[in-house]
Amino acid sequence: MNLKTLINNNKKQFDKKFKSLLNKKLDKSILSKAMYYGCFNGGKRLRPFLVMESAKIANLSKSEAFVIASSIECIHSYSLIHDDLPSMDNDDFRRGKLSTHKKFNEATAILAGDALHDMAFELISGSLINNNYKSKLRLINYLSHCIGHKGLALGQSLDLEFENKKLSKNKILNMYSRKTGKLFEYSFSAPFILKVKSESDIRFAREFGMLFGQIFQVIDDLIDEIGTFKKIGKTPGKDVEQGKSTLLGLIGERQIISFCKNKVNYFTNKHKKRFYKNPQLIKLLEFGIKRIN
Ligand code: GRG
């Protein structure tokens, strides 16, 4: 089975379980409806796929991996709801549908994002059957780091600060690592942390997730520029319109793909033994680049 089919199958399974989980937790309030809407408007569920792949290698049960994946999608959906707000990237559409603040209103969208953030911590602290409280605490601590003032929130802040500025490649990549890389890093390494794997295994998992996330963001910028509304589900060409600092803007379309391929080659050569044992991981990195087509 090819990777795209595996990802879609995983999405179907994940969506079914995630729907039932949220239906149990949420109620009929406007806030609950907005939270549900923000989570179920057509996401690709790539982060849950990374969690499941990592869980197979780390030997973590599917049910525990599902809780981790759900908490990550709560955070991811929260970040997208807030990203679309008028004071952030001001997008009326997300995944081809009205963004949450357009479907409901701005105040409800802010609160839905906040409550999804809290839901993520409710899930990992309360729904994991794992009795190893030390590793659960490490997971919670690590998630806070990945999404806070050194992670997603900083990345978003830099993204806004960098508008209409000419920046170095390293500054742009640092911003990508935070706004996108950190959550992928967490997605791929969380199962290793929960299963108390060796520090060197955890480091590899973190680096793998981060690399996937950086490539994902680089290619996302390209898709934003050359994609259609139908393909990307939001207004294309907004990065240029908003003066976003992107690697694409700095090095151009032709260099972008070779930049990603070089990064993947370097990493796979550095960790030959691990990729020999888990060749599907190379396919995953390649998919991060090929998804442009
Ligand atoms: C979450 C702490 C926290 C703060 C919010 C708004 C914000 C700060 C961060 C947003 C950062 C952001 C929008 C990063 C872009 C990441 C990205 C490439 C999103 C698109 O991911 P896909 O394509 O989305 O996986 P789908 O729609 O498939 O779920």
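Summary table
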item: Close pairs (8 angstrom Cβ cut-off, 6 or more residues apart or separate chains): open to solvent by 60 Å² or more (accessible area, probe 1.4 Å) in the range 256-274, not basic (Lys, Arg) anywhere; result: LYS261/ILE289; LYS263/LEU211; LYS263/GLN214; LYS263/ILE215; ARG274/PHE204; ARG274/LEU281
item: Failed item, numbered, when PHE162 is tested on (1) more than 15 Å from the ligand (Cβ to nearest atom); (2) open to solvent by less than 20 Å² (accessible area, probe 1.4 Å); (3) farther than 23 Å from ARG45 by Cβ; result: (1)
item: Those residues of the range 224-233 which are assigned to a helix (DSSP H, G or I) and within 9 Å of the ligand (Cβ to nearest atom), in sequence order; result: ILE232
item: From PHE184, PHE204, residue being of a type in the set (Phe, Trp, Tyr), closer than 18 Å to VAL264 by Cβ and either away from the ligand (no atom under 13 Å from the Cβ) or touching a strand residue (DSSP E or B) at 6+ places or on another chain (Cβ under 8 Å) (or both); result: PHE204
item: Of residues in the range 69-91 being surrounded by fewer than 24 Cβ atoms within 10 Å (Cβ to Cβ) and in contact with an Asp or Glu (Cβ under 8 Å, 6 or more places away or on another chain), the one nearest to SER127 (Cα to Cα); result: ASP83
item: Positions within the range 141-156 being assigned to a helix (DSSP H, G or I) and open to solvent by 60 Å² or more (accessible area, probe 1.4 Å), in sequence order; result: ASN141, HIS145
item: Flag for LEU116 being touching a helix residue (DSSP H, G or I) at 6+ places or on another chain (Cβ under 7 Å), farther than 23 Å from ARG206 by Cα, assigned to a helix (DSSP H, G or I) and within 12 Å of the ligand (Cβ to nearest atom); result: yes
item: Boolean, GLU207 is in contact with a helix residue (DSSP H, G or I) (Cβ under 8 Å, 6 or more places away or on another chain) and under 30 Å from ASN131 (Cβ atoms); result: yes
item: Filtered residues of the range 2-43 (kept if in a loop (DSSP other than H, G, I, E, B) and within 16 Å of the ligand (Cβ to nearest atom)); result: PHE40, ASN41, GLY42, GLY43
item: Every pair of residues 6+ apart whose Cβ atoms lie under 6 Å, when the first sits in the range 138-151 and is under 13 Å from GLU185 (Cα atoms) while the second is in a helix (DSSP H, G or I) and among the basic types (Lys, Arg); result: CYS146/LYS182; GLY151/ARG178; GLY151/LYS182
item: Criterion: open to solvent by 20 Å² or more (accessible area, probe 1.4 Å) and more than 17 Å from GLN217 (Cβ to Cβ) - qualifying residue of ARG138, ARG178; result: ARG138
item: Residue within the range 60-68 that is of a type in the set (Ser, Thr, Tyr), part of a helix (DSSP H, G or I), open to solvent by less than 30 Å² (accessible area, probe 1.4 Å) and touching a residue at least 12 places away in the same chain (Cβ under 8 Å) present; result: no
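Here's the yes/no breakdown for (1) closer than 19 Å to PHE229 by Cα; (2) within 10 Å of the ligand (Cβ to nearest atom); (3) of a type in the set (D, E, K, R):
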{"site": "ARG45", "(1), (2), (3)": "no, yes, yes"}
{"site": "ILE57", "(1), (2), (3)": "no, no, no"}
{"site": "TYR78", "(1), (2), (3)": "no, yes, no"}
{"site": "ASP84", "(1), (2), (3)": "yes, yes, yes"}
{"site": "THR108", "(1), (2), (3)": "no, no, no"}
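The values are calculated or read from the model by the stated rules, or taken from the named source; none is laboratory data. If you're wondering where the values come from, they're calculated on a predicted model, not measured in any experiment. Ideal geometry is used to build each Cβ from the backbone, glycine not excepted, and the neighbour counts take in all protein chains shown. To get the accessible areas, we keep the full protein, side chains included, count just its heavy atoms, and leave off ligands, DNA and RNA. Shrake-Rupley method; radii C 1.70, N 1.55, O 1.52, S 1.80 Å.
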